[in-house]
Amino acid sequence: MINWKKQAKSYKDSYLKDLKELIAIDSERNDKDKTKEHPLGKGPSDALKKYLSFGERDGFKTKNLDNLVGYIEYGDGDQTLAILAHADVMPAGAGWDTDPFDMTIKDGNVYGRGASDDKGPGLAAYYGLKIMKDNNIKPNCKIRFIVGTDEESDWTGMKHYFALEPEPDFGFSPDAEFPVINGEKGNTTFENKFNNKQTDNADTLLKSFDSGLRENMVPRDANAYVLTNDKDEMNADFTNFMEDSNLDGDAEITEKGIKLHLIGKSAHGMEPKNGINAGTYLATFLSEYDFTGDADNFLTFIAKYLHDDSRCHKLDTSYSSGIMGDLTMNVGIMKFDTQNGGFINTNFRYPKGISVSTISEHLENAIKPLSGSVNNTDNMDPHYVDPADPIVSRLIDVYREQSGAKSAKPEVVGGGTYGRMMKRGVAFGALCPWTEDTMHQANEFQPIDDLLLAMSIYAQSITELSK
């Protein structure tokens, strides 16, 4: 009888050493840096290669598919069990107390971009497979630990894998939370656009507005440059607004106007309530001024229909289902300038029972009177696996056994993971219910004890699933 927890603890030092090497790689997708050799930028492919180097070091079979995706393989059989992780990370953003790419251990926690999403959990799952192999446990199926390189954007890497290789029969993604995620909401994104017309001789002119880094991340920072003769008055109003809203920021008076900077709180876009959207707050402040044309329309649309309303009541699109919960909306990117006009990215996580066309219709009803347009850019339908399926029931049993949470039940979330790419795919850890969720935030961390528990759970789970 293997003591899985004792086994995991014996790997602590080597695991942390490997994790430090992974976190040191800034693996944000960077299309400006892409080449034929590095199709998503050097960072993602370097992180993929680092994972594969661990597999080669530990005696596994490995394969790199065009620096987009790769896998580490163990065992053989008619069926394939897949563990789907990702090597890319979200932009680090501002607000860190430590270097996001220099892993820091403090108070028993690992800090760094990817510590929680998904390098810490992904590597814990890899070590679960390594523990199995090191104990000479032979699976009755083929096991593939598959690493994608742009889960935080377009899933190009994992889609490449599924285009070249057979779909795995079942599996899980260590890219969410425990106990087991057997359902994921639909995920759809819209681009909302405005032209760039303003009255040239207007008293107030919006020169630029910029907030947000990714569609699935609540913007922490927002910046605007306003040309106005009433800059002192606007500066005083902005100070009062920050005090009333309990937000920080600053203003810089220039010769022709004022530059405003507002600070909110970043969070994962699947639950915008966990963050404070600096962009929608700043737009709401500016919407009270007499801007003209498309600048006024841009600010009005955000303030009237998007600000502080993740459940879409203002768009008359609120919806909830008994199993999957609420429809949610994240306003991830907001931009305006005098050359390109306005751009607003809205990302919706929706349950079964409401359609993408319905969401689109309600957006259009709101934006068309403001001379804007709507375009649906991508969509993933809701995903659900029956709790009676062994991929769910076996994993929940292992989690209950190792965590002591005997009443733990499968859950449905708004996040999207690679697990949904398989008909019998789920998400499984590694965030524990008792730990703060800092994914997509500054000062992202994961407790070392949680990661070792996850490693132990993964080792037993992979063994049980591959019998």
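Below, the figures for the structure above:
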read-out	value
For segment 187-380, alpha-carbon Rg relative to the globular expectation (2.2 N^0.38 Å, N residues)	1.01
Estimated [θ] at 222 nm from DSSP helical runs (n ≥ 4, -39500 (n - 2.57)) normalised by residues in the chain, nearest 500	-9000 deg cm²/dmol
Estimated FRET transfer efficiency (Asn64, Ser371; beta-carbon r; R0 45 Å; 0.05)	0.40
Sites Lys5 and Asp386, calculated FRET efficiency, Cβ-Cβ separation with R0 30 Å, nearest 0.05	0.50
Calculated P(r) of segment 107-240 - Cα pairs past 23 Å, %	60
Compactness relative to 2.2 N^0.38 Å, alpha carbon Rg of the chain	1.03
Cut-off 12 Å, label 7 Å out along Cα→Cβ of Lys467, residues of segment 117-139 by amide N	none
Theoretical gain in end-to-end length, Asp203 to Lys423 [0.36 nm per residue, Cα-Cα removed]	73.4 nm
Gained length - Asp232 relative to Lys304, 0.36 nm times residue gap less alpha-carbon distance	23.3 nm
Sites Gln339 and Glu411, calculated FRET efficiency, Cβ-Cβ separation with R0 56 Å, nearest 0.05	0.75
Pairs from Lys42/Lys63; Lys185/Lys265; Lys9/Lys423; Lys49/Lys265; Lys5/Lys185 whose Cα-Cα separation, in the structure shown, is over 26 Å	Lys9/Lys423; Lys49/Lys265; Lys5/Lys185
Under 16 Å from the Cα of Lys256 - aspartates and glutamates, other chains or at least 8 residues apart	Asp200, Asp203, Asp230, Asp232, Glu233
Kirkwood Rh (inverse of mean 1/r, distinct Cα pairs), segment 1-113, angstrom	16.0
Gain on full stretching of the segment that runs from Asn195 to Glu288 - 0.36 nm per residue minus C-alpha separation	31.5 nm
Ser393 paired with Thr35, simple spin-label distance in nm, labels 7 Å along Cα-to-beta-carbon	5.3
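The numbers here are math on the coordinates, done by the rules we state, and not lab data. Note that the coordinates shown come from a computational prediction; the quantities given were computed from them, not determined experimentally. Using ideal geometry, Cβ is built from the backbone for each residue, glycine included, and neighbour counts are taken over all protein chains shown.
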